Amino acid sequence: MNDIGTNAAVRQDGKRGVNHVSPSSVPIDFVFFCVRIVEFLTVMLAGAVALYFWAERISLDTLPDYSRTIFGGALVFALVAEIMGSYDVDAHFSLRNAWQRVIASWGITTLFLITLGFMLQVSDQFSRGWAFTWLTTGGIMLLGTRAAMTLWIRRLKRQGVFNSRAAIYGASAQGQKLANYIRGNQKLTISLVGFFDDRRDGRVPLLVDDLPVFGTSDDLVAMIREGHIDQVIVALPWSAEARIQQLVSKVAMTPVRIRLAPDLANFAFGHRPLVLLGDLPVLTLFERPISGTDAMLKRAEDLLLTTGILFFIWPLMVLAAIAVKLDSPGPIFFRQPREGFNNRPFDVFKFRSMTHDTCQVDGIKQATKDDKRVTRVGRVIRATSIDELPQLFNVMAGDMSLVGPRPHAPSTRAGGRLFHEVIQTYAARHKVKPGITGWAQVCGWRGETDTEEKLVKRLEHDLYYIENWSISFDLYILVRTVLAVLAPKNAF
């Protein structure tokens, strides 16, 4: 049985003088099976409804063919929905997740049926009006059915009918932290009975956060035998291997589920995924972001979009280069060392926007409002971000991406302190290539970082981008960038 919500309701047992949680009245797997059956019948009912509406155009001789098609469609949907995760635990309690997976499953089923009919050359034998009505009605009825089933399941969860009665062995800080986590997680169906602990020398209190400490492992086995406990969660330090094995060997003789709680340090990474390294479960603390196929897709995105952008804007870049050259003496381009992917240094290209004698390569002082170092042309190209366009060559060279955390010079400061001194995890933004534009920039965190708070906000947005990257996210940021250029803020 899956654990998916918390119910602290208990009842008083007069014999023992202790509280016991009432047993579950409805197995959750049975409820989920009912959802599968109801949706299978919903697909068939939608087909029957479509037959009713088109009965005048459908001959009786072809009804068996229609019936077999409806039944086959229901079977295909059941299989696709299972594969798509429509019956996973989260889909039963989140209507948004449920609707997304159900409608995706029905869409795949529709495409499969249409393709199969075309390949078998039998599509002409069926009424197109009936098929359209069935597929449309089926989608609508499935959404309505899943909404009703989700509300029903949520109601059952609130009543505690799915709850598994769990006891925690170990009333130390680890067990208390586990209890607080279980009681604060609304996605679990666990009712905590209380604690058990073999330490009886005064180190263990009789009550821990209003949960009783019943007794020793012998008392635990006795309560299991009496039918008051469904599962035991062992909350002992993983270093106490002998104690854990001794307890498990004793409780394993009883018909309950036994689980080992995370060690105390593991609670800090409880949201991280658990994977199998062979047969050994390990926590994935951090994945390498944008790697493998994702890295290939992002590189292809950069090359294709950059080539298209250069094709359209090269006249603008030529005009900008001429204006920079005529406005003040010095080179057209400004090269400055920046830190890129994996903290590797590279030279970033920009149109020179300051007087040549004040351009800084090291000991960088960020531009401020009304900065006297900025030239007349420089103010225009900085305000319109035209000065950033030569970085498209950095993208083509592979040092940068179109979208990513903005590269900063190693000597740049925020509030008088170097960036890595302000935030110890600042280097985490170098886990991906830097970008010409980024999530922080389109959200308003661009320009001068004169305070540590601004740097913290930039880093928060950069890390959010790294953890949630997708092609669609990149395209969204690029669209937002165009809008930001049209209405610039904080660009000096």
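Just so you know, all these numbers are worked out from the coordinates, no wet-lab data involved. Since we're looking at a predicted model, the values are computed, not measured. Note: ideal-geometry Cβ built from the backbone for every residue, glycine included; neighbour counts use all protein chains shown.
Give, to the nearest whole percent, the P(r) tail of region 126-227 beyond 22 angstrom, counting all Cα pairs.
That fraction is 53 percent.
Using Cβ counts within 10 Å as a stand-in for footprinting exposure, how do 303, 402 rank, fewest first?
So the residues, fewest neighbours to most, are 303, 402.
Given the convex hull of the Cα atoms of region 57-153, what is a quarter of its surface area in nm²?
So the Cα hull casts an average projection of 6.5 nm².
Which of 169, 66, 52, 464 has the fewest other C-beta atoms within 10 Å, and how do the rest follow up to the most?
52, 464, 66, 169
If you average the C-alpha positions of region 154-231 and of region 98-128 separately, how far apart do those two centres end up, in angstrom?
So the two Cα centres are separated by 50 Å.
Starting from 0.36 nm per residue, how many nanometres of slack lie between residue 151 and residue 116 once their C-alpha separation is accounted for?
9.1 nm
Arrange 249, 328, 470 by Cβ neighbour counts within 10 Å, fewest through most, would you? Write down the numbers at each step before the final one.
On the way: 249 9, 328 16, 470 12.
By the 10 Å Cβ count, ascending, the order reads 249, 470, 328.
Taking R0 as 22 Å, what FRET efficiency do you get between residue 103 and residue 53 from their Cβ-Cβ distance, rounded to the nearest 0.05?
0.50
Once R0 is set to 25 Å, what does the formula 1/(1 + (r/R0)^6) return for the Cβ-Cβ distance between residue 68 and residue 132, expressed as a FRET efficiency to the nearest 0.05?
Between residue 68 and residue 132 the formula returns 0.85.
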